[in-house]
Amino acid sequence: MLIDIERLRALSPEDFQKTKPYPWINIHGALTEEGFRSLYDSLPDVSLFSKFFGKKRQYGQNAHDRYVLEYDRDLPLSSSWRQFIRELEEGPYREWLSRMIGTRHFLLRYHWHYTPNGCSVSPHCDSKLKLGSHIFYFNTLDDWRPEWGGQTLILDDHGKFDPKSCPDFDDFPEIKSAHSIGNYSLLFRRQGNSWHGVRPIQCPPDRLRKIFIVVICDNHPITRFKRWIKGKPVSGY
């Protein structure tokens, strides 16, 4: 097993749901040490990624510039990454995730983001079609330094901002930073105030901030029906 399921099962769903400003937890050791190392050593090459730069966002927010790779079964992935995807798709992880987020009605999508120097993730709240995300970080002290940035920031607006707005990082009265170097991950549950982002990265030009994201998509029958009525795909986002 690459996922340390016993480590995850030891986490309290009740404590997670009560966390402010919205449910989030920065987990150390969601992967076994061997699992983390095997995935780290066989990360997909950036040549497989699409460039995602300068794309306009709604509500005037700054572009989230990065290289993006969407998971597909036909990707030339290592055996470790194929095993990891299987473990995410199978029972123990999904059962744990359903307890944490409070529903079994979800689909999982996966993608990798590699972010170069100078790029950022401006403060935003995710789409209502996302129930949340589980972000796995894949930098170590062998290739990254904390002062270069890359930490996901949990932003507490104290109820000040409409999700359909574009505040700056310095506009938030309270900011918490997630550990993002080594075997860490971040799980959060989307709510109306689930602001988060990443300040501009300051790293050498040959380095990349590397993450893998499990996107938890709403798949409740009511949501599917509403999307069908509107002529939109009933799964995914």
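The values are calculated or read from the model by the stated rules, or taken from the named source; none is laboratory data. From a predicted model like this one, the values you see are computed outputs, not experimental measurements. We place every Cβ from the backbone using ideal geometry, glycine too, and count neighbours over all the protein chains shown. Quick note on the areas: whole protein, heavy atoms, side chains included, nothing else; ligands and nucleic acids left out. Shrake-Rupley method; radii C 1.70, N 1.55, O 1.52, S 1.80 Å.
Points to keep in mind about this one:
- Sole exception among (1) assigned to a strand (DSSP E or B); (2) open to solvent by 60 Å² or more (accessible area, probe 1.4 Å) for Asp142, by number: (1)
- On the stretch given as segment 10-24, residues that are in contact (Cβ under 8 Å) with a residue 60 or more places away in the chain and surrounded by fewer than 18 Cβ atoms within 10 Å (Cβ to Cβ) total 4.
Yes or no, residue by residue, for (1) part of a strand (DSSP E or B); (2) surrounded by 21 or more Cβ atoms within 10 Å (Cβ to Cβ):
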{"residue": "Gly150", "(1), (2)": "no, yes"}
{"residue": "Cys166", "(1), (2)": "no, no"}
{"residue": "Ile175", "(1), (2)": "yes, no"}
{"residue": "Ser180", "(1), (2)": "no, yes"}
{"residue": "Gln191", "(1), (2)": "no, no"}
{"residue": "Pro200", "(1), (2)": "no, no"}
{"residue": "Phe212", "(1), (2)": "yes, yes"}
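- Only one of the numbered conditions (1) touching a Pro at 6+ places or on another chain (Cβ under 9 Å); (2) free of Cβ contacts under 8 Å to residues at least 12 places away in the same chain; (3) not basic (Lys, Arg) is violated by Phe161, and that is (2).
- Scan of segment 96-111 for residues that are within 25 Å of Glu33 (Cβ to Cβ) and open to solvent by 80 Å² or more (accessible area, probe 1.4 Å), ordered by number: Arg99
- Residue match in segment 72-91 (condition: in contact with a Lys or Arg (Cβ under 8 Å, 6 or more places away or on another chain) and either without any contact (Cβ under 8 Å) to a residue 40 or more places away in the chain or basic (Lys, Arg) (or both)): no
- Looking across segment 38-75, the residues that are more than 29 Å from Met1 (Cα to Cα), open to solvent by 90 Å² or more (accessible area, probe 1.4 Å) and part of a loop (DSSP other than H, G, I, E, B) come down to Lys55, Lys56, Asn62.
- Candidate set: segment 96-116, residues that are among the hydrophobic types (A, V, I, L, M, F, W, C) and touching a Pro at 6+ places or on another chain (Cβ under 7 Å); chosen: the one farthest from Gln191 (Cα to Cα): Trp112
A quick yes/no check of all residues on (1) modelled with pLDDT of 95 or more; (2) closer than 27 Å to Phe169 by Cβ; (3) not β-branched (Val, Ile, Thr):
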position: Gln191; (1), (2), (3): no, yes, yes
position: Lys210; (1), (2), (3): yes, yes, yes
position: Ile213; (1), (2), (3): yes, yes, no
position: Ile229; (1), (2), (3): no, no, no
position: Pro233; (1), (2), (3): no, no, yes
